[in-house]
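Before anything else, here's the structure in question.
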Amino acid sequence: MAQTSAASPGKVPRTARGRETLRKLLDAAAAEFGERGFHEASISGITRRAGTALGSFYTYFDSKDAIFTALVRDMSARVATTAAAAVSEGATGLQREREALVGFLHFAREHKEIYRIIDEAEFADPQSYRAHYEGTATRIAARLAEGAASGTLRHGEQDVRAWAIMGMNVFLGLRFGVWDDSRPVEEIAEVAADLLGEGLNARSR
């Protein structure tokens, strides 16, 4: 689970009950922003969904902008945690990318609202929007570099490759996670891994 130390400065919960309330507010914010968008979402809507008093909101957040920023960072952290947890111990090279994609696709299906939230962050919170994608690309590049060091992947422009892989994963999540979740995620990830491993050139017979 992503850490819930996402409260406004000076408002980090110190008790288990406080952390539980903060988690409820973040989950409610995901539903509110995901359904209504940043501009139409309201603090009262968030607290109503969370089943908390309005005062509880201000115990942890200064404003709607503050909880939106916290939510973007929280969801970004949860994506990272989910992808990492999906990679089996000892996996290397393309296997790691395939398994990480499986984890992300499952997350996208369970949290379809992430696409609207991240997209709106481009304008509502550009810094967090950029941090989300830069952080994701950095993690992918690190995996690619480790694969190259172990001899399972080629050396080269890992940063460029990481952004290309991330772009592919994002749109696979949109197509097969949000718009249509009927196909097995393992099947989608296998096709993507084949593309990464074999490319698009015709195979020699």
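Let me confirm something: among A131, A142, which residue is within 12 Å of the chain's Cα centre (by Cα) and modelled with pLDDT of 95 or more? Reasoning before the result, please.
On the way: A142 fails: within 12 Å of the chain's Cα centre (by Cα).
None of the other options fit; the residue is A131.
Kindly provide the set of residues from region 92-128 that are crowded, with 19+ Cβ neighbours inside 10 Å, farther than 30 Å from D194 by Cβ and not acidic (D, E), ordered by number.
I117, A121, A124, S128
Against the condition outside the structural domain of A142 (by TED's automatic domain parsing), β-branched (V, I, T) and outside any helix (DSSP H, G or I), how does T47 come out, does it pass? Explain how you work it out, then say what you get.
Values: outside the structural domain of A142 (by TED's automatic domain parsing): yes; β-branched (V, I, T): yes; outside any helix (DSSP H, G or I): no.
Against the criterion (outside the structural domain of A142 (by TED's automatic domain parsing), β-branched (V, I, T) and outside any helix (DSSP H, G or I)), T47 does not qualify.
Restricted to region 42-62, and to residues that are small (G, A, S) and in contact (Cβ under 8 Å) with a residue 24 or more places away in the chain, which residue is farthest from I114 (Cα to Cα)?
Across region 42-62, the extreme among qualifying residues is S56.
The values are calculated or read from the model by the stated rules, or taken from the named source; none is laboratory data. It should be emphasised that the depicted structure is a prediction, and the values quoted were computed from it without experimental measurement. We place every Cβ from the backbone using ideal geometry, glycine too, and count neighbours over all the protein chains shown.
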